[in-house]
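The block underneath contains the structure these notes are about, expressed in structure tokens.
The values are calculated or read from the model by the stated rules, or taken from the named source; none is laboratory data. Everything numeric here is computed off the predicted structure, so don't read it as measured data. Every residue, glycine as well, gets a Cβ built from its backbone with ideal geometry; the counts of neighbours run over all protein chains shown. Note: areas computed on protein heavy atoms with side chains; ligands, DNA, RNA excluded. Shrake-Rupley method; radii C 1.70, N 1.55, O 1.52, S 1.80 Å.
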Amino acid sequence: MTTDAIWITEADVVQLMDLKEAIAALEAALRAEARGEAQNMTKTLLQYGKNNLHAIGGKLDKLVGTKTWTHTQGGTCPLLLLWSAEDGSLVAVIEAFALGNLRTGGISGVAADWMARPDAGVMAIVGAGKQALAQVGTMLAVRPIERLQVYSPRAESRQSFAVKLGEEFGVEAAACASAAEACKGAQIVTLVTRATEPFLTAGMLDKGAHLNAVGAIASDREEFAQDVFSRATLVAVDNLSGVQQLSREFMTHYASSGWDKVIPLSKLIASGRRRSGADDVSLFKAMGMGISDLALGAELAKRARERGVGRVIPQPKKQKPRLAGASARSAV
């Protein structure tokens with residue numbers, strides 16, 4: 001590929017793609033993964049103090065890419081870089097705040113579409129942070145949700161978030177005093193917190209509930225108790241190797257007993273396995289994976305070129321480095 005690369009801004013991303021389109025792109029990429037046409041780079045994480053440096057990547061069709069960011073107490077700035085898999089030329093640099101919301105929310109939507117009850121009408125959302133809004137939006141995109149039940153530890157946060165959800169989506173949204181209260185009567189439960197100790201137990205989940213556990217993406221975090229696994233008859237993950245290395249919940253349960261009951265979402269879709277009447281709790285764990293970001297990045301780059309969106313940046317040109325000048329001295 002010899003054309004110039006493009007820089008795609010946050011505003012461009014929002015203009016080019018919505019959540020339903022992201023869900024479709026993600027499922028298509030998962031089917032490609034199941035056919036052996038897409039590969040993940042295992043997620044890499046460096047923890048320093050209360051901060052984390054992340055890197056994920058992969059290959060999809062004729063593109064390879066990596067998304068990297070550092071999550072600090074002061075903020076973050078994620079970027080997705082895409083290159084040609086054929087000649088290594090730069091294809092795009094994509095600002096990845098909105099992309100991350102679409103990817104994280106969208107993958108939960110794909111999972112729920114395959115694993116949750118078709119008639120699910122009540123959703124519990126535990127957590128009111130930056131990713132929570134997209135997690136709600138994606139459930140509304142795939143299920144006929146009529147009521148949202150919100151819990152966050154701070155009363156002010158859960159109340160204001162419930163109001164925001166009602167205004168954003170036009171559905172009933174109630175703030176709840178506890179996670180248990182939020183889960184009562186919910187057919188879908190989503191956990192999107194930074195909890196370091198488990199707060200959700202199996203007894204809080206209604207029979208046949210679907211659980212999306214998407215907040216604990218580092219080994220120092222944990223959202224649900226081990227007894228949830230005893231009720232989970234269908235367990236899927238976005239990326240098995242990422243879960244095996246970074247999910248404390250899953251490592252505690254499966255590291256010694258074996259991972260044969262944990263199904264990558266791509267294989268679940270390829271097999272056609274959906275929730276059956278015999279299933280109790282279904283559990284989906286998302287850690288983040290490169291194929292998800294590549295799926296959205298590839299589609300965004302394609303649409304940007306078709307529509308003339310994005311700022312053109314020239315291909316970097318190699319220059320000979322200065323190797324001798326700094327140390328060369330005249331003889332005295």
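Key figures for this structure:
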| read-out | value |
| --- | --- |
| Heavy-atom surface of the chain, accessible at 1.4 Å and reported per residue (Å²) | 46 |
| 222 nm mean residue ellipticity, helices alone, for the chain (DSSP H n ≥ 4; -39,500 (n - 2.57); rounded to 500) | -10500 deg cm²/dmol |
| For N239, distant residues with modelled amide H under 5 Å away | M287 |
| Backbone HN-Hα couplings from phi across segment 231-243 [Karplus 6.51/-1.76/1.60, Hz, Gly and Pro as x] | 9, 7, 9, 9, 10, 9, 9, 6, 9, 5, 5, x, 5 |
| FRET efficiency estimate (nearest 0.05) - Cβ-Cβ, T233 to R35, R0 35 angstrom | 0.85 |
| Residues with amide H under 5 Å from that of S89, placed H, sequence gap 5 or more | S84 |
| G121 long-range amide H proximity, modeled H, under 5 Å | Q187 |
| Estimated inter-spin distance, E197 and D61, nm [label 7 Å along Cα→Cβ] | 4.8 |
| Potential extension, E86-D206 segment - 0.36 nm per residue separation minus Cα distance | 38.2 nm |
| Sorted peptide list for 164-177, 214-227, criterion being average Cβ within 10 angstrom, highest first | 214-227, 164-177 |
| Beta bridges per DSSP with both ends in the chain, % antiparallel, nearest 5 | 50 |
| For Rg and Dmax of the Cα atoms in Å, calculated from these coordinates, the label among [x] 21.8, 69; [y] 25.7, 81; [z] 21.5, 90 | [z] |
| Calculated from backbone phi, Karplus (6.51, -1.76, 1.60) coupling profile of segment 183-197 in Hz, x at Gly/Pro | 6, 4, x, 8, 8, 10, 10, 10, 10, 9, 10, 10, 5, 9, 10 |
| Stretchable slack from Q319 to R248, in nm (0.36 nm times residue separation minus alpha-carbon distance) | 21.0 nm |
| Whole-percent carbon and sulfur share, accessible surface of the chain, 1.4 Å | 54 |
| Shape call, segment 7-117: gyration tensor on alpha carbons, a/c limit 1.5 | rounded |
| Q159-T70 FRET efficiency (beta carbon distance; Förster radius 35 Å; 0.05 resolution) | 0.65 |
| Between segment 214-266 and segment 71-111, the alpha-carbon center distance in angstrom | 24 |
| In Hz, Karplus ³J(HN,Hα) per residue of segment 77-89 (6.51, -1.76, 1.60; θ = phi - 60°; x = Gly, Pro) | 8, x, 10, 10, 10, 10, 10, 5, 6, 8, 10, x, 6 |
| Nitroxide proxy distance, nm - points 7 Å out along Cα→Cβ at R305 and R273 | 3.7 |
| Pairwise label distance in nanometres, K130 with T44, each label 7 Å out on the Cα-Cβ vector | 2.2 |
| R0 of 35 Å, Cβ-Cβ distance R147-L79: FRET efficiency to nearest 0.05 | 0.40 |
